[in-house]
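First up is the structure itself, then whatever we jot down about it.
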Amino acid sequence: MNRGPFIFIGAFILIASTWALLVQLPVMQGGNLEAYEVDGVLQPDALPGLAQKGREVYQELGCVQCHTQQVRLTSGSDLARNWGSRQSVARDYIGEEVAFLGSVRIGPDLSNVGYRRPDPDWHLRHFYNPRMVLEGTRNYSFSNMPSFSFLYDKREIVGEPSDKALKLEGEYAVEEGYEVVPSLKAEALVAYMLSLKVDYDLPEAPDPVKIDPAR
Amino acid sequence: MDEHFEDSQKQAGVDEGQASDSSIVRAHAQIRREKVAGSPVAFFTALGLIVVLVFSWFYFRRYMADYDPNMYLHDRGDIALYKSYEPPVVDAGPVDPMVAGAKLYATNCAACHQPEGQGMAGMFPPLAGSEWVTEGDGSLIAKIVISGISGPITVMGESYNGMMPGLGAALSDADIAHVATYIRGSWGNDTPEVTEEQVAAIRSETAGRGVWTAAELRAQ
Amino acid sequence: MRLILNIFSSIFPNLEEKNGNRETERVIDASIRLPVLGMIKASIAWLAFALILGICSSMQLHDPTFGAGSSILTYGKVNPAFWNALVYGWAFNAAWAVGAWILVRLSGVALTNGFALIVSSTAWNIGLTIGIFGIFIGHQNPYKFLEMPSYVMPFILVSFVATGVWGLMTFKARLHRSSYASQWYLIVALFAFAWLFMGAQAMLFYTGVQGSFQYLVGSWYADGLINLAIAPVAFATLYYLIPKTLGTHVLGYRYSGSAFWFWILFASASGVSLMVNGPIPAWVASAGVIASFGLMAPGLTLGMQFFSSCFSQFERVWETVSMRFVFMGLIGFAYYLWHVCFGSLRISADTVQFTTYESGVQFVGLVGFAGMIFTGATYFILPRLLNKNIPQNGMVELQYWLQILGTITVAVGMIYGGESTGELMNQSTASVATIQKGATPYHVAVTFGFVMLLIAAVAYAINFAWLLASDRSEEEESAELIGQSPDLEYKTS
């Protein structure tokens, strides 16, 4: 081990071959999946335009720092929490140029948030101030999600109040004569939230029925 | 903290070097050359390698899921259950030709003839109320679906001049029967169904021919 | 004015020479003084900046009204900015300040192209500043340690490769044909970062990888960054400082070769284990678990070598300022290795996956293990570069204890906080927010730990400024301040 080239080439061979085996090989084997046809519709299907825009907002705000978009089957309580009905598999993400799998759950998983929270109005108010929406609901104790009020415009009411204006009450109300309306970014983000649902089955995706004959 | 502070009064300064750089390189090179064992290190090196070897042997046998790129389960028990799972066979009963036909129509026909069979003025003839659809026992429409039709045609008094490709290669006899039945029974059309046997007979009769023209069909 | 003169005299000392004492060493140190001082300065500045960001991000987890409604201070931006500043700002600058110095010292020849090193490390820091700024204006990527926008990545790569070429040239120009373990690890760290970085960049942003496989690349990179680009520099520092300050050879040095190769083999694949239970084929994650666990073999060898060498001269460890830091870093290494080996097993991942546990382990690796060792080495290097005593104002003590306490507090908050939230998540279907409320004490602990580390960083900065700006005492005017090191004798017993 006295010579530099020996160390350099040895390290190169080790690092390059583990990369080839554990990163490049899986990508070549399984990283060129195609959409699967379920009842004549290709799944996963493309996102609507506004939701596509919402993906960019999701990335820009770093939502992935607290929220995952992957459901586990054989570990954790993901299914019991109604976060999904089956294991997430690679094919679920093929349309995503930038995937948001995430690695930390300070908040809940969002793979199926479009199912759990189908009401756009709820999302608009929740992004404005999560505590405003959750306070008073059953079992509410705390929420450490940041407020995204910077995605909303506070403006003076000119003429008729906008029909998009948030209904703010009590301590959250703004001064008389003003209203808070969501910006395009907020609406795009909500459209993205509503589009997040895995409502199809894939042949390779394990679900509880397939591995537990008792069910 | 005071004690530590006093210590630091004594200690701070410069950390003395206890070995010169070149002697560090030389002495250690000598250790490697002379292959001198270092007892606790030797023991733990061997221990570490053995533990890791045993562990990876166990893990390689147990959790590698046959290197299957489509396998998302790691546990052998789960994998066995997953592989032996067969979806319960649902006996759907006899297929309703109208339901099956509607689906086939939506994917194969509606782009031109429109979802309500109204066609597109001047371009694609309508199916709703068309005499080509309702006349006879349905063999006319079955022939068109199988082989296609091109050239001038008059439908409900309007003339069209287009081209429709045959779908015989893409659709099975049953499919053609279903879609023909659907067209003959929808949007105000009310004529009897077309059977699979009928389609099969027509297919064998007209095997090998190209697209029809309206005149050829009328001649029959 | 005097301040400026003092700084000038620190950087360009004009020493009274009584004899030719330490001629070679002083020429070598003078040749690399500017780049190393620059990198130490940058590392301290980035550390303080990172910790301020860390406090801002951790505060929000227990007090969501902090920074509420600010598009800059939102957690999703502050948190990645904190990690990137910590890794690329603090860890890399500190690592290469120490690494470059050791590389030159072991080569035994004065540096001729120090200017290249100054330019490349400045470029690195400029690129990093733009990158952190990019995160704040919303150009972040969602992969850990790769959040900086891809437009600064070529910048960073080029400046790092310049450092790497410099390192190889320095190694090639060495006086002794035989090489030492420190040199092996430094060369591998240089090569590994370039490979990891280019591989991840190319696969994520240029050729494009499908969906969930992006995270496979991302986790391969994130762990590789710590285990293959930063940890080896810490090992190099240990291999150098232990004989240097204790006057003993590294016990069991014979086994360094096998430890070296096994470390590279396993460390380059350990990151993949973060993907267990995820939407990638199960066998890939299983192979990653094997690699993570496998780190135990070289880890035991390295740990035993360093610990037994330290214990053989323990009173000297405690007397030497730098070795006290390094020894704590060694304990940090043992703790880090424990969690890397056992935390990656599927049985642990079932509990701790998706909690703050992983961040906690990475934090221990970066700050508790590597960071402590680099700090210690800096206290060994600075007097030699400036020919001045370490300031005797109690700041070193303050920094030492606060750095230990702060790291422990953060580690407890993140690692044990992660384990406890993970258990609660698995055992109940209580809402995530309720579980987060229960984890508030852990989040508070992390904030508190960051505050302690920030105070330690300020003490560090004061020491550094003091060293540069203080008057030279009579003793410090003389080249005799630092004694001649005796030769390390190896006797076959």
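The values are calculated or read from the model by the stated rules, or taken from the named source; none is laboratory data. This is a predicted model, so every value here is computed, not measured. Backbone-built Cβ (ideal geometry, glycine too); neighbour counts: all protein chains shown. We work out accessible area using only protein heavy atoms, side chains counted, and drop any ligands, DNA or RNA first. Shrake-Rupley method; radii C 1.70, N 1.55, O 1.52, S 1.80 Å.
Considering A:A51, A:A46, the condition of being farther than 18 Å from A:Y128 by Cα and modelled with pLDDT of 90 or more is satisfied by A:A51 alone.
State all residues of region B:164-178 that are small (G, A, S), in contact with a helix residue (DSSP H, G or I) (Cβ under 8 Å, 6 or more places away or on another chain) and open to solvent by 20 Å² or more (accessible area, probe 1.4 Å); if no residue qualifies, say none. The answer is B:G166, B:A170, B:A174. Provide a single number: the residues in region B:124-163 that are aliphatic (A, V, I, L, M), open to solvent by 50 Å² or more (accessible area, probe 1.4 Å) and modelled with pLDDT of 80 or more. Qualifying residue count for the region: 1. Can you tell me how many residues within region B:15-71 are under 24 Å from C:G299 (Cβ atoms) and either in contact with a strand residue (DSSP E or B) (Cβ under 9 Å, 6 or more places away or on another chain) or of a type in the set (F, W, Y) (or both)? Residues that pass the stated criteria total 8. Of all residues in region A:42-68, those satisfying the criterion of being assigned to a helix (DSSP H, G or I) and in contact with a Pro (Cβ under 9 Å, 6 or more places away or on another chain) are A:Y58, A:Q59, A:C63, A:V64, A:Q65.
Residues of region A:1-60 that are on the phi < 0 side of the Ramachandran plot, charged (D, E, K, R) and open to solvent by 60 Å² or more (accessible area, probe 1.4 Å): A:R3, A:E34, A:E37, A:D45, A:K53, A:E56.
Test C:G294 against the stated conditions and say whether it is under 30 Å from A:E204 (Cβ atoms), modelled with pLDDT of 90 or more and in contact with a helix residue (DSSP H, G or I) (Cβ under 9 Å, 6 or more places away or on another chain). Spelling it out, C:G294 is indeed under 30 Å from A:E204 (Cβ atoms), modelled with pLDDT of 90 or more and in contact with a helix residue (DSSP H, G or I) (Cβ under 9 Å, 6 or more places away or on another chain). Taking region C:428-439 as the search range and keeping residues that are in contact with a Phe, Trp or Tyr (Cβ under 8 Å, 6 or more places away or on another chain) and not aliphatic (A, V, I, L, M), which one is nearest to the other protein chains (Cβ to nearest Cβ)? By that ranking, first place goes to C:K437. Does region C:319-331 contain any residue that is open to solvent by 10 Å² or more (accessible area, probe 1.4 Å), of a type in the set (A, V, I, L, M, F, W, C) and more than 26 Å from C:V412 (Cβ to Cβ)? Scanning region C:319-331, I find no residue that is open to solvent by 10 Å² or more (accessible area, probe 1.4 Å), of a type in the set (A, V, I, L, M, F, W, C) and more than 26 Å from C:V412 (Cβ to Cβ), so the answer is no. Note on region A:180-215: among residues that are modelled with pLDDT under 90, out of contact with any Phe, Trp or Tyr (no Cβ under 7 Å at 6 or more places or on another chain) and away from every other protein chain (no Cβ under 14 Å), the one that is most open to solvent (accessible area, probe 1.4 Å) is A:D199.
Taking region C:1-112 and the helices (runs of 4 or more DSSP H) fully enclosed by it, the elements with 3 or more residues that are within 14 Å of chain A (Cβ to nearest Cβ) are at C:23-62, C:75-84, C:92-107.
Filtered by the rule that a residue be at the interface with chain B (Cβ under 7 Å from one of its Cβ atoms) and in contact (Cβ under 8 Å) with a residue 24 or more places away in the chain, region C:287-298 gives C:V289, C:F293, C:G294, C:M296, C:A297. Select from region C:51-77 the residues that are open to solvent by less than 20 Å² (accessible area, probe 1.4 Å) and closer than 13 Å to C:T447 by Cα and list them in ascending order. Matches in region C:51-77: C:L51, C:L53, C:G54, C:S57, C:S58, C:Q60, C:L61.
Here's the yes/no breakdown for (1) open to solvent by 20 Å² or more (accessible area, probe 1.4 Å); (2) more than 7 Å from chain C (Cβ to nearest Cβ); (3) within 27 Å of C:L382 (Cβ to Cβ); (4) of a type in the set (D, E):
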position	(1), (2), (3), (4)
B:S20	no, no, yes, no
B:S23	no, no, yes, no
B:A27	no, no, yes, no
B:R33	yes, yes, no, no
B:L47	yes, no, no, no
B:L53	yes, yes, no, no
B:W57	yes, yes, no, no
B:M64	no, no, no, no
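Filtering region C:263-286 to residues that are more than 7 Å from every other protein chain (Cβ to nearest Cβ) and among the aliphatic types (A, V, I, L, M) leaves C:A267, C:M275, C:V276, C:A285.
The set of residues in region C:373-402 that are in contact (Cβ under 8 Å) with a residue 60 or more places away in the chain and among the aliphatic types (A, V, I, L, M) comprises C:I373, C:A377, C:I381, C:L382, C:L385, C:L386, C:I390, C:M395, C:V396, C:L398. Residues in region C:130-184 that are open to solvent by 40 Å² or more (accessible area, probe 1.4 Å) and among the charged types (D, E, K, R): 3 in all.
Yes or no: A:Y115 more than 7 Å from chain C (Cβ to nearest Cβ), over 16 Å from C:S431 (Cα atoms) and of a type in the set (S, T, Y)? When the stated conditions are applied, A:Y115 passes them. Taking the stated definitions as given, is C:W101 among the aromatic types (F, W, Y) and open to solvent by 10 Å² or more (accessible area, probe 1.4 Å)? Judged against the criteria, C:W101 is not a match.
Inside region A:91-126, residues that are aromatic (F, W, Y) and open to solvent by 20 Å² or more (accessible area, probe 1.4 Å) make up a count of 2.
Filtered by the rule that a residue be over 21 Å from B:P97 (Cβ atoms), free of Cβ contacts under 8 Å to residues at least 12 places away in the same chain and among the polar types (S, T, N, Q), region B:139-193 gives B:S159, B:N161. Restrict the check to region C:421-429 and report whether at least one residue is part of a helix (DSSP H, G or I) and without any contact (Cβ under 8 Å) to a residue 24 or more places away in the chain. For region C:421-429, residues part of a helix (DSSP H, G or I) and without any contact (Cβ under 8 Å) to a residue 24 or more places away in the chain: present.
Counting only residues that are basic (K, R) and closer than 30 Å to A:P5 by Cβ, region C:141-173 holds 1 of them.
When C:I187 is tested against (1) over 21 Å from the mean Cα position of the chain (by Cα); (2) under 27 Å from B:S23 (Cα atoms), only condition (1) is not met.
C:S470 meets all of the listed conditions (1) modelled with pLDDT of 95 or more; (2) surrounded by fewer than 21 Cβ atoms within 10 Å (Cβ to Cβ) but one, namely (1). If I filter region C:230-276 down to residues being assigned to a loop (DSSP other than H, G, I, E, B) and open to solvent by less than 10 Å² (accessible area, probe 1.4 Å), which single residue comes out as nearest to C:Q313 (Cα to Cα)? The extreme case among them is C:V250. Among residues of region A:125-164 being aliphatic (A, V, I, L, M) and in a loop (DSSP other than H, G, I, E, B), the one that is nearest to the other protein chains (Cβ to nearest Cβ) is A:M145. The residues in region C:436-451 that are part of a helix (DSSP H, G or I) and crowded, with 21+ Cβ neighbours inside 10 Å can be counted, and the count is 8. In region C:229-249, the condition of being within 7 Å of another protein chain (Cβ to nearest Cβ), touching a His at 6+ places or on another chain (Cβ under 9 Å) and of a type outside the set (K, R) is met by at least one residue.
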